[in-house]
Amino acid sequence: MTRIDGGLTDRGTTLGFRFNGRAYAGHPGDTLASALLANGVQLMGRGFKYHRPRGAISAGSEEPNALVTLRSGARAEPNTRATVAELFDGLEARSQNHAGPLERDLLAVNDLLSPFFAAGFYYKTFMWPKAFWEKLYEPAIRKAAGLGALSGLPDPDAYDRGYRHCDLLVIGGGAAGLAAALAAGRAGAEVILADEDFRLGGRLLAEGGRIGGRPAADWAAEAAAELAAMPNVRLMTRTTVFGAYDHGIFGAVERVADHLAAPGGKVRQTLWRITAKRSILAAGATERHIPFRDNDRPGIMLSGAIRAYLNRWGVTGQRQAADPVAIFANGDDGHRTAAQLAARGVPVLGVIDPRADAPNLGGYETFAGAMVTGTKGRLGLTAIEVMRNGRAEWLSCGLLGVSGGWNPNVHLASHHRGRPVWDEDHLAFLPGEGGPAGLIPAGAAAGQGGTAEALADGLRAAGQALGDLGIAPAPVELPAAEAEPARQEAFWHVPGKGRAWVDFQNDVTVKDIALAHRENMRPVEHLKRWTTLGMATDQGKTANVTALAVMAELTGKAIPETGTTIFRPPYTGVSLSVLGGGDTGKAFRPTRLTPTHAWAEAQGAAFVEVGPWMRAQYFPRPGETHWRESVDREAQAVRAAVGLCDVTTLGKIDVQGADAGEFLNRVYANMMGTLPVGKVRYGLMLREDGHAYDDGTCARLGEAHYVVTTTTANAGTVFRNMEFARQCLWPELDVQLISTTDAWAQIAVAGPKSRELLSRIADGFDLSNEAFPFMACAALTVCGGLRARLFRISFSGELAYEIAVPARYGQALMERLMALGADLGATPYGTEALGVLRIEKGHAAGAELNGQTTAAMLGLGRMVSQKKDAIGAVMSRREGVAQDTRRLVGLAPADPARKVVPGSHLFAPGAPEDTAHDQGWITSACFSPHAGHMIGLGFLENGASRLGETVIAANPLEGERVELRVVSAHFVDPEGGRLRD
Amino acid sequence: MLIPHPLLGLRDAQEFTYLGDAALIGRPAPEAGEAAFCDYVFLRDNPAGIHRELWFHEQGDRSWLVVTRNTLTHEILGAELATDVARRSA
């Protein structure tokens, strides 16, 4: 036990938790790491590659080592940093990446093989045989190396997303952030202060300093209370601002319920999109370590982390309270840790400082001009080797703090195109030019890391932001803060034999960087990819700058010449669940239901997704055991009697205006302006490159009023393109468009008895062939006064109509038609029968209009008017497009028992079945109840003149080839008599 | 990104559908011939820097806009109704 007095945890309450099955106790305010350290547990995990024992090196989100799996079952969450996991009663955590118990990891054998695992090892070794990579090498490597495993179960928790706006977003609630928020808040600005921690204060909670004569943590608490009371300030703790995006938009994740055993009705996390006019980056700084031989043992930590555990959590960090603590530092910062520990009665071995003029802040011994050159301790530090004046000495030590200076957290300032700049005075990269507009770095993030400097810099940044915003500042007096000694000297790594870790998470050592240098992987981008430095969950927060400095030393260049290290979002890992914002499963995208959906459900229909729509696929009847039984029956009912199908999903665009006809002339390949009122015409739309992209009907309801229909799939695209044509190409035309797809329910009434059925609802409307012939349309009323539109169009080749009524009457109309048509054999049919009917009739649909076909290929070449300009007209006549001889044909198997498979390619009998001899392909196929065998549609070279010929349909993927006869695409009623009856 | 819609003020880019080079407004006259159409259909400018491009306010008022944007910084220098641009260039 290494818990001492003081700190900010609630000692009056005890929380029980388990780590690797063993029970421990902690307190509210603890993190998992602080609670484990308080219990004398330093060993928290195993290294990525060599499986060496590892412990926490930090007290924050930069942690590379102490990754654990929190919780169990579906809520198991791998790769959680113990240093930020807030302790709760009943928390369960397990260490990762070991075989057998953590203390006796069988995979630690990798450490003995380490000479073989140098940087680039995988690239060089597992090259041959090539086929082994996927099957053998990769799975084996992945199993041995890596992080925690996912549960594989669906995430049981809810996630949400939200939007917030403010004048000023302050990122980070430490000294600078609090000062900035106070200044802006008092001036009346709308402020959001976000901090990843669960308690505001940042390093003020960790440093043990004093502000205005009282503990800094008290000042932070008072500042937070004042801010919380301001109506114009919103405090967001447990919220990580992970990325800066264009125009002042920030991404942030609020961990709403991660600190609870289970969310208990709350969402687990919320994804916030914060739009801020100005922002202050007060994200603090991350301490860096100094690589030396065997510097990765549990019990070796960042010096500032030891200070944080001491001051914030009242934990000293050794396994036994009597174990001596040493500090290895290149600056005064490390001495502060030693002095604070000594003042609290912790046994301090001393401060090892390479500077000849190293100071002594009192209460400990200074080893000036000395370095740590080795360590011992299998599962935790037991001794360090100190080299002074050429003499090495082993000293007993249970905890070593390392301080190599501080790297400002420039991450968000380097999003967009911000390039950090090296500052020789600070021995660090500071935020540079070109970062997110309106983002002002402040405090330690801007190199102003002392308490007094950070407070003043926060105030300065707020003043700048308020000035930009045009808000008058309110007076803020800064309390006095002690100045901390902060002198340091560049010292990047301890030279010598053995392995000195630079990146703990990826097991990258100084030697690996030297190897990368020898192999000419010198640019930092290459260094990163060759060694994997800076990858994985910590993204090199504690490693990148040190690695750059080591590379600079090897190349003999200065650090800024060697390169810089920039960061992309996210600042820390963001779960995919929260990025989804709860839009999973059915909520992934909207589902559109047809007006008759509930009715179809009641009929027991099977449904199919068609774009965003759910459409009835077929309507099984009792006794039908196979979908084809239902589909054949439905198709036959249409051919013999009358069928009903909801076709609401087809896009409907209302086109009105004096120039509507001219406009349609220009968007359709064929002529539309000449269409008489009360008539419908089939229309084909081309892309500007000359290929067909959508078809449908165009009905003229009045002099200046047309209704255009589109395919279901292209409804949105056609509308967008028509708006483009209207606004961008021909703004001089008087024409207005509106989508009425959802306004009108439309039902196809198809079959020889359709007229009879409709006559039972049409209020005195003359449906005779003379009064309302094929391709007629009219507005009328049905069912005693309900306004409706009737179109005599046919997709099936039978006498057929489509009737539209306001959408809210769609279901009632369907029910009425079914009831009134019972004696006629009225049968509902779904998309499958619809497809069968249109293939039998040879109508093109999505499989034919696949973006590669021309009007001529569809047999509609003559429709493309030569008399007028239209979208795609010029390009449809260009060479290579106009000469395409492939035509839509019908295909029937020579042996009626054989299958016709869509996607099969067509060849002349006897020709080699290869690309050079390819003559086309089958687009659609189905079993035709009308023909009694399978039939297909396809595009075939010179298809128009090959009726009666035999072709081979090859399906090499399934090893099938079928002999087909080329026939008319109109398997039903090729003369078209039925639909004109 | 936020797009300054000339009628509706700042709108989130998520409400828009992106098309690209605003040169698409300048559709050749039909008698300009195949070569002019090939250029119009297939050849687009894609500059690193200031670019005039078409955005469709699909989840909004269905205006097509010509947005002037710096593709390097995403700074938006202006936005106007494509209809106004088309009328001017007609």
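Observations on the structure shown:
- Mean separation of Cα contacts under 8 Å, 6 or more apart, over the residue count of chain A: relative contact order %: 9
- Helix axis angle, A:831-841 relative to chain A longest principal axis, alpha carbon, degrees: 50
- Residues A:Ala602 and A:Ala25, FRET efficiency given R0 of 51 Å [Cβ-Cβ distance, rounded to 0.05]: 0.30
- For the pair A and B, the buried accessible area comes to roughly 2600 Å² in total, with a 1.4 Å probe and the value rounded to the nearest 100.
- Phi angles of the range A:381-396 translate, via the Karplus equation with coefficients 6.51, -1.76, 1.60 and θ = phi - 60°, into HN-Hα couplings of 4, 10, 7, 10, 9, 10, 9, 9, 6, x, 10, 9, 9, 8, 10, 5 Hz per residue; Gly and Pro are given as x.
- Cβ-placed point charges (K, R +1; D, E -1), dipole of chain A about Cα centre in debye, nearest 20: 1160
- Antiparallel DSSP beta bridges within the range A:1-123, as percent of all bridges there, nearest 5: 80
- Solvent-accessible surface, computed for protein heavy atoms with a probe of 1.4 Å, shrinks by 50 Å² or more for the following residues of the range B:47-90 when the other protein chains are added to the isolated chain: B:Arg62, B:Trp64.
- For A:Tyr159, the accessible area of its heavy atoms, probed at 1.4 Å with every protein chain present, is near 30 square angstrom.
- Neighbouring partner chain Cβ atoms per residue of A:247-255, average, 10 Å criterion: 2
- Two-site FRET efficiency, A:Glu477 against B:Leu7, from Cβ-Cβ distance with R₀ of 60 Å, rounded to 0.05: 0.80
- The P(r) of the range B:2-89 has a tail past 16 Å containing 54 percent of all C-alpha pairs.
- Dipole orientation for the protein assembly as shown: of the candidates A:Ala149, A:Phe250, A:Leu579, A:Ala149 has the Cα lying most toward the positive pole (charges on Cβ; Lys, Arg +1; Asp, Glu -1).
- Relative packing of peptides A:811-818, A:552-559, A:824-831, A:276-283 - highest average C-beta neighbours within 10 Å first: A:276-283, A:824-831, A:811-818, A:552-559
- Measuring nothing but how far apart in sequence close Cα pairs (under 8 Å, 6+ apart) lie, relative to its length, the range B:2-89 scores a relative contact order of 28 percent.
- With Cα atoms, 0 to 90° folded angle of helix A:715-724 axis to chain A main axis: 90
- Solvent-accessible area, 1.4 Å probe, carbon plus sulfur percent, for the range B:2-89: 51
- Protection proxy ranking, peptides A:76-86, A:792-802, A:10-20, average beta carbon neighbours within 10 Å, highest first: A:792-802, A:76-86, A:10-20
- Placing R0 at 30 angstrom, the Cβ-Cβ distance between B:Thr71 and A:Asn520 gives a FRET efficiency of 0.35 after rounding to 0.05.
- Taken over the C-alpha atoms, the protein assembly as shown has Rg and Dmax values of 37.0, 115 angstrom.
- Peptide ranges B:25-33, A:647-655, A:678-686 listed from the most packed, as the mean C-beta count within 10 angstrom indicates: A:647-655, A:678-686, B:25-33
- In this Cβ point-charge picture (+1 for Lys and Arg, -1 for Asp and Glu), the range B:2-89 has a dipole of about 140 debye about its Cα centre.
- Against the main long axis of the alpha-carbon atoms of chain A, helix A:544-555 sits at an angle near 70°.
- Only beta bridges with both residues in the protein assembly as shown are counted; by DSSP, about 75 percent of them are antiparallel.
- Residue-normalised accessible area of the range B:2-89, expressed per residue, 1.4 Å probe, Å²: 51
- Whole-Hz Karplus values for the range A:958-966 come out as 10, x, 10, 9, 10, 7, 10, 9, 7 Hz, taken residue by residue from phi with 6.51 cos²θ - 1.76 cosθ + 1.60 and θ = phi - 60°; glycine and proline positions read x.
- Rounded, prolate or oblate (a/c below 1.5 giving rounded, otherwise prolate when a/b exceeds b/c) for the range A:566-693 by Cα gyration tensor: oblate
- In the full protein context, chain A carries 39 Å² of accessible surface per residue, based on a 1.4 Å probe and ignoring ligands, DNA and RNA.
- Computed in the context of the full set of protein chains, the accessible area of the range A:426-530 at 1.4 Å probe radius has 56% of its extent on carbon or sulfur.
- Built amide H within the under 5 Å cut-off of A:Ser928, gap 5+: A:His933, A:Met934, A:Ile935
- Global form of the range A:674-772, assessed from the alpha-carbon gyration tensor, a/c cut-off 1.5: prolate
- Members of the range A:660-708 that become less accessible by 50 Å² or more once partner protein chains are added (1.4 angstrom probe, chain alone as reference): A:Glu688
- Shape of the range A:578-625, Cα gyration tensor, a/c cut at 1.5: prolate
The values are calculated or read from the model by the stated rules, or taken from the named source; none is laboratory data. All values reported here derive from a predicted model rather than from experimental measurement. We place every Cβ from the backbone using ideal geometry, glycine too, and count neighbours over all the protein chains shown. What goes into the accessible areas is simple: the full protein's heavy atoms, side chains included, and nothing from ligands, DNA or RNA. Shrake-Rupley method; radii C 1.70, N 1.55, O 1.52, S 1.80 Å.
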